[in-house]
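Working notes for the structure below.
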Amino acid sequence: PKNEEWRTELNVLKKLKDTSERILNFVDFYESERCSYIVTDLYQGFDLFEHIDINIPYEEEYSKKLIMEMLYCLKECHDRDIAHLDIKCENYMVRKMDPPSLILIDFGHAESIPKNTMREGNSAYGTCFYLCPEGYKKFHSMKSDSWSIGICAHLLLTGDFPFHGDDDDYEENVKRGNINISKKLKDGALDFVQKCLVYSS
C-alpha cells in the first residue's frame with residue numbers, strides 16, 4: 001500500500017546496494033498512484049528459523065559458526081551506520097549450511113543511526129521474543145541489534161528463548177529484566193550471551 005514509510009527502507013537498501021553477498025540486494029523501485037514497489041534479488045530456499053526448528057539445539061561449535069555468520073551480515077550494516085532493528089532467525093536466508101552462509105533480509109524497520117546514538121522512534125520496532133528492553137519504550141540504537149543477536153544465540157545453543165510465556169508475559173519480563181539464561185551454556189558461549197543481554201532499567 002502507498003505510504004511514506006517505504007522511503008526509509010528504500011534509502012537503507014540503496015545505501016547497502018552491492019556492498020556484500022551477505023545483504024539483501026536492491027535492484028530497483030517503482031511508484032504508482034496507489035502503490036510503491038521495491039524490487040530485490042530473489043532468494044529461494046529456507047530461512048534459518050525453518051532449519052533450526054527441526055535441528056535445534058546444535059552442537060556448540062556449529063552454533064558458533066552460525067552466530068559468527070549472523071554477525072558478519074550485521075557488521076555490513078553497522079559499518080554503514082545502519083541499524084537493522086528486526087534481527088531474528090527468520091530474517092536470515094540460508095545459502096548453505098556447511099559451512100554456514102547466510103543472507104540478511106527484511107529491512108522494513110531499518111534506520112540510519114550513527115554509532116553510539118540512541119534514537120526515539122514512532123513505534124516499538126522489532127519482533128516479540130527478540131525485541132530489546134528499550135525497544136518497548138520506542139528507543140533504538142545499534143545496541144538494539146546486539147540484544148537480538150543474543151536472543152538468537154541462546155536459541156541456537158539451547159533450543160529455547162531466555163524468557164517464557166506468551167507475548168504479553170514476554171514484554172513484562174523484558175521490561176523487568178527477568179532474564180533466564182540457560183544453565184546449559186558454558187564458558188565462552190555463556191559470556192557472549194550475557195554480554196549481549198545486558199539489561200539497564
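Couple of notes before you dig in:
- Candidate aspartates and glutamates for bridging to Lys183, where Cα separation is under 16 Å - those fewer than 8 sequence places away on the same chain excluded: Glu59, Glu60, Asp160, Asp191
- Longest exposed-site-free window of the chain, the sites being GluC sites (Glu not before Pro) in a DSSP loop that have at most 10 other C-beta atoms within 10 Å: 60-201
- Qualifying trypsin sites (Lys or Arg not before Pro) in the stretch 1-89, where qualification requires a DSSP coil assignment and no more than 15 other C-beta atoms within 10 Å, comprise Lys2, Lys17, Arg34, Arg80.
- Per residue, the convex hull around the alpha carbon atoms of the stretch 75-179 comes to 106 Å³.
- A simple count of charges around Asp106, restricted to other residues whose Cβ falls under 12 Å of its Cβ and scoring Lys, Arg +1 and Asp, Glu -1, yields -3.
- Alpha-carbon centroids, the stretch 174-189 and the stretch 93-108: separation in whole Å: 26
- Cross-link reach is defined here as a Cα-Cα straight distance under 20 Å, omitting same-chain residues fewer than 8 places apart; for Lys14 the aspartates and glutamates meeting it are Glu4, Glu5, Asp28, Glu31, Asp41, Glu76, Asp79, Asp81, Asp86, Asp106, Glu111.
- Exceeding the 23 Å Cα-Cα cut-off - candidates Lys15/Lys175; Lys17/Lys65; Lys64/Lys184; Lys115/Lys186; Lys175/Lys195: Lys15/Lys175; Lys17/Lys65; Lys115/Lys186
Since every read-out is calculated from the coordinates, none of them should be taken as a lab result. Keep in mind the model is a prediction, meaning the values are calculated, not measured. All Cβ positions, even for glycine, are placed from backbone atoms using ideal geometry, and neighbour counts span all protein chains on display.
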